[in-house]
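A.B. asks: Handing you this structure, nothing more for now.
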Amino acid sequence: MRVKIKQRIERMGMTVADVADLTGVKRQYLYRVISGATTPSVKYVLKLCTVLKCIVEDLFELELKDTYKFLVCLIYVAAMNILISCHNIYYATQFKTHLLHFQSKHTLKINQSVFFSGLCKPNLGGVYA
């Protein structure tokens, strides 16, 4: 992921110290976020967006590699949905296993509750919850 906070701060005619003060954090923390050494919370990113009058995409950019990995995971989830709708639990379970393996192999961190929410149907016995 490419961090573009510094460019936005400069474009707004502000300093890192100004933004740190306005968002209520120490300058050192903001420098770590800018350098990519620290991943900020969603709450802090939203504060940054408010102060810098921008959207999240103006501050962070996913690299193509990350986007590709994310799309592969979405394809796995779509395939699992199709298999579940056809009541083919065996293959849906296999797809989930492959997805989890893909995540670990490519060090892709995905909140599983987001991906698997809604995939569980009561009559399937909670296989994907």
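A.B. asks: Is the shape of segment 2-61 rounded, prolate or oblate, going by the alpha carbon gyration tensor and its root eigenvalues a ≥ b ≥ c, with a/c under 1.5 for rounded and a/b larger than b/c for prolate? Let's see the in-between values first.
C.D. replies: Working: a/c = 1.19, a/b = 1.00, b/c = 1.18.
Here segment 2-61 falls in the rounded category.
A.B. asks: Which far-off residues, 5 or more places away or on another chain, put their amide H under 5 Å from the one on LYS4, with H placed in the peptide plane?
C.D. replies: Amide H neighbours of LYS4: PHE60, GLU61.
A.B. asks: At a Förster radius of 25 Å, what calculated FRET efficiency corresponds to the Cβ-Cβ distance of ARG11 and LEU74, to the nearest 0.05? Each step should come with its number before you reach the end.
C.D. replies: On the way: r = 32 Å, r/R0 = 1.30.
Rounded to the nearest 0.05, the efficiency is 0.15.
Taken together, the values in this text are just the output of simple stated rules run on the coordinates, not laboratory data. No experiment lies behind these values; they were computed from the predicted model shown. Cβ sites come from the backbone with ideal geometry, for glycine too, and all protein chains shown count toward neighbours.
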